[in-house]
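Q: Just dropping this structure here.
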DNA sequence: GATTATACCGAAAACGATTTCGATTTTCGT
DNA sequence: ACGAAAATCGAAATCGTTTTCGGTATAATC
């Protein structure tokens, strides 16, 4: 009924708890005969060590914490997928928390994880990130920390990101190379670094190709939704019939725009090209299928965890660890919503 | 540097660890003055209890484990979302694991969670579920267990499901009521109870409406993909031009079918109606938007956890707990891929 | 046979908290 | 001022492991 403990084994074998423990852990000062006996009994009684006790004694939990804005989101669930897989390989378990874009919640969750004595924390920040005290606390406590995707530049720790600016630059360049000249940008909210960077990439691409920036072609999403994409497409088309391309902050917004164009017999890509961002699953099954920028979530999760492990190991060996920043490559997934 | 412990506080205050602990926990045999002093110092030194030690002593971890086939899947990430939210409310943390549809992995993971001494386990079974020994073990160890979505009928424990058979029955009835007479079914793999039940619901609906069952209208998906939906749609249309409806095991398969019909100018829903299953996000953004059966993942997660808590509480009080099965209602989300 | 080396084992402390139970002190009625 | 009741406190056991350090017993060496 009650879980078997070392003590139970020791009692049955008439030896000390110490010896049982040492036998099980392969210490050399245990005779073969007692070792065998211990293993046999452990097997028979189905002994499994109590992780909690081990954790207390060894001061490590083999558990890491992950905080993301939301899990119901292709990109983030891919990241989680990558993290969990990689963690399991090394015998680590993953506790997942959602901040729902609330810094307040994020703080609480950091505390929770710290109390749980997780061996490390991975986090993708909530949008309105000015406050970083709670993260500084993590660093001060010497708990390894890696930021991914939505990061804070002012925090000294490891990071895994994509180059949003470059990716956006490439996306818009792709549009320009296919002949587009009047390119709208349905950008993300004003705060997040991601959406700023993509916006800057857009501008840089225009600039490098001698296309004059036109403020009226910029629309700012608030909740980055299908509906916004649809609405903005409608609005911009009514005001600018000669628009010939849309670069959307996200596939979902792009799909919204395509829906409007489809319904109103505006040919995509012949009249208007559309390019999205993220390569969500959905973008391959709509018609026309959506050209987009692949954002490698799975890989990002894996890399982030690997960096975390690196830091954890350095710490174990008492070595100093210098934070690293990994920039993952993105690539354009060419489908049927753009020309060429 | 090192985390503050009760001992540290006790030392500074020149009182015993016992008293510090009792003060913090609000025991009545601590004077107001020392209580205040303790709280003040705890605050000042930023004391937080070491959960691991507490867990060992109290024999509970305030952690639950969840095993799902895969997390990169709208339905399951919604379930996880529901679970995490509900857990957090009660101060519980969630460890998520993916079985990747492998029973072998599932077993390992169960053991991992058991060793971690999680307070309870939620699991949605891998597809080829014949073996249930590892789950029986969980029950034998008196660790509360709740199955959801993909369950095993032969296991005596709480369950949260939808009535797949009835849901499918309603979906097909919807097609029939809209005038469809030759209805194909792109069913799921042969093993999972889900896909069996949906198939049975399909047959029952035909039977109740005096439509002869035609084996040649049944296609069996193996990996339940977009491509399969596309391929099956092509095949069946070439063999049966008079087909007038498709009931697909999943939205993704349905979307694949719609893609084929769209490309070949077969009007959906006027010539052929299509109905899916699950209400994935994607189904609302394709065109025509997909009529489907809503499968309440978020709610399922919440309910499953509530059941788990119920069992955990009963156990704490030493009460007997009788497993419950909750059947969540589904409803048809009428969109534009079916008539009426 | 005395000495040293080797093999094997176990007592005990530690990890950080909780809780029981007994001890001491204070308060108060008379 | 005395005894009883109430208010405070702390020692110690416990949760289940790990690990250090010392102690025996046996084998090897001369």
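The values are calculated or read from the model by the stated rules, or taken from the named source; none is laboratory data. Note that the structure is predicted; figures quoted are calculated from it, not measured. Don't worry about glycine lacking a Cβ; one is built from the backbone with ideal geometry, like all the others, and counts go over all protein chains shown.
Q: Quick check on residue A:82: is it modelled with pLDDT under 95 and at the interface with another protein chain (Cβ under 10 Å from one of its Cβ atoms)?
A: Working: modelled with pLDDT under 95: no; at the interface with another protein chain (Cβ under 10 Å from one of its Cβ atoms): yes.
No, not satisfied.
Q: Could you please find all residues in segment B:265-283 being part of a strand (DSSP E or B) and closer than 23 Å to residue B:222 by Cβ?
A: Once the filter is applied, which keeps residues that are part of a strand (DSSP E or B) and closer than 23 Å to residue B:222 by Cβ, segment B:265-283 yields B:274, B:275, B:278.
Q: Kindly indicate the residue of segment B:56-83 that is closer than 14 Å to residue B:120 by Cβ and surrounded by 21 or more Cβ atoms within 10 Å (Cβ to Cβ) and also farthest from DNA strand C (Cβ to nearest atom) among those meeting that condition.
A: B:67
Q: Among the residues of segment B:27-54, which ones are under 22 Å from residue B:313 (Cβ atoms) and more than 9 Å from DNA strand D (Cβ to nearest atom)?
A: Across segment B:27-54, the qualifying residue is only B:51.
Q: Which condition number in (1) out of contact with any helix residue (DSSP H, G or I) (no Cβ under 7 Å at 6 or more places or on another chain); (2) within 29 Å of residue A:4 (Cα to Cα); (3) within 12 Å of another protein chain (Cβ to nearest Cβ); (4) touching a residue at least 24 places away in the same chain (Cβ under 8 Å) is the one that residue B:57 fails?
A: Status for residue B:57: all satisfied but (4).
Q: Tell me yes or no: at least one residue of segment A:139-150 is within 11 Å of another protein chain (Cβ to nearest Cβ), in contact with a helix residue (DSSP H, G or I) (Cβ under 7 Å, 6 or more places away or on another chain), buried (at least 23 other Cβ atoms within 10 Å of the Cβ) and more than 21 Å from residue A:192 (Cα to Cα).
A: So far as segment A:139-150 goes, no, none of its residues is within 11 Å of another protein chain (Cβ to nearest Cβ), in contact with a helix residue (DSSP H, G or I) (Cβ under 7 Å, 6 or more places away or on another chain), buried (at least 23 other Cβ atoms within 10 Å of the Cβ) and more than 21 Å from residue A:192 (Cα to Cα).
Q: With respect to residue B:96, is the statement that it is closer than 20 Å to residue B:314 by Cα, facing chain A (nearest Cβ under 8 Å) and at pLDDT 95 or above true?
A: Details: closer than 20 Å to residue B:314 by Cα: no; facing chain A (nearest Cβ under 8 Å): yes; at pLDDT 95 or above: yes.
Criteria not met by residue B:96.
Q: Pick out the one residue from A:52, A:103 that is under 38 Å from the mean Cα position of the chain (by Cα) and more than 16 Å from DNA strand C (Cβ to nearest atom).
A: Matching residue, one of A:52, A:103: A:103.
Q: If you don't mind, another one. Take residue A:262 and decide whether it is farther than 28 Å from residue A:133 by Cβ, modelled with pLDDT under 95 and either within 14 Å of chain B (Cβ to nearest Cβ) or not in a strand (DSSP E or B) (or both).
A: For residue A:262, the condition - farther than 28 Å from residue A:133 by Cβ, modelled with pLDDT under 95 and either within 14 Å of chain B (Cβ to nearest Cβ) or not in a strand (DSSP E or B) (or both) - is met.
Q: Right, something else. Out of B:306, B:299, I need the residue that is away from chain A (no Cβ under 14 Å), within 30 Å of residue B:120 (Cβ to Cβ) and surrounded by fewer than 23 Cβ atoms within 10 Å (Cβ to Cβ). Which one?
A: After ruling out the rest, the residue left standing is B:306.
Yes/no per residue for (1) assigned by TED's automatic domain parsing to the domain that holds residue A:315; (2) assigned to a helix (DSSP H, G or I):
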| residue | (1), (2) |
| --- | --- |
| A:54 | no, yes |
| A:64 | yes, no |
| A:70 | yes, no |
| A:76 | yes, yes |
| A:79 | yes, yes |
| A:82 | yes, yes |
| A:87 | yes, yes |
| A:91 | yes, no |
| A:96 | yes, no |
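Q: Under the condition of being under 44 Å from the mean Cα position of the chain (by Cα), under 25 Å from residue A:137 (Cα atoms) and more than 7 Å from DNA strand C (Cβ to nearest atom), which residue from segment B:21-42 is surrounded by the most Cβ atoms within 10 Å (Cβ to Cβ)?
A: Only one residue fits best here, namely B:42.
Every residue, every condition in (1) in contact with a strand residue (DSSP E or B) (Cβ under 6 Å, 6 or more places away or on another chain); (2) under 30 Å from residue B:134 (Cβ atoms); (3) within 10 Å of chain A (Cβ to nearest Cβ), yes or no:
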{"site": "B:2", "(1), (2), (3)": "no, no, yes"}
{"site": "B:6", "(1), (2), (3)": "no, no, no"}
{"site": "B:13", "(1), (2), (3)": "no, no, no"}
{"site": "B:24", "(1), (2), (3)": "no, no, no"}
{"site": "B:30", "(1), (2), (3)": "no, no, no"}
{"site": "B:35", "(1), (2), (3)": "no, no, no"}
{"site": "B:38", "(1), (2), (3)": "no, no, no"}
{"site": "B:45", "(1), (2), (3)": "no, no, no"}
{"site": "B:52", "(1), (2), (3)": "no, yes, yes"}
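Q: Go over the candidates B:248, B:257, B:233 one by one and state the one that is within 14 Å of another protein chain (Cβ to nearest Cβ), touching a helix residue (DSSP H, G or I) at 6+ places or on another chain (Cβ under 9 Å), surrounded by 24 or more Cβ atoms within 10 Å (Cβ to Cβ) and under 29 Å from residue B:154 (Cα atoms).
A: Only one candidate qualifies: B:248.
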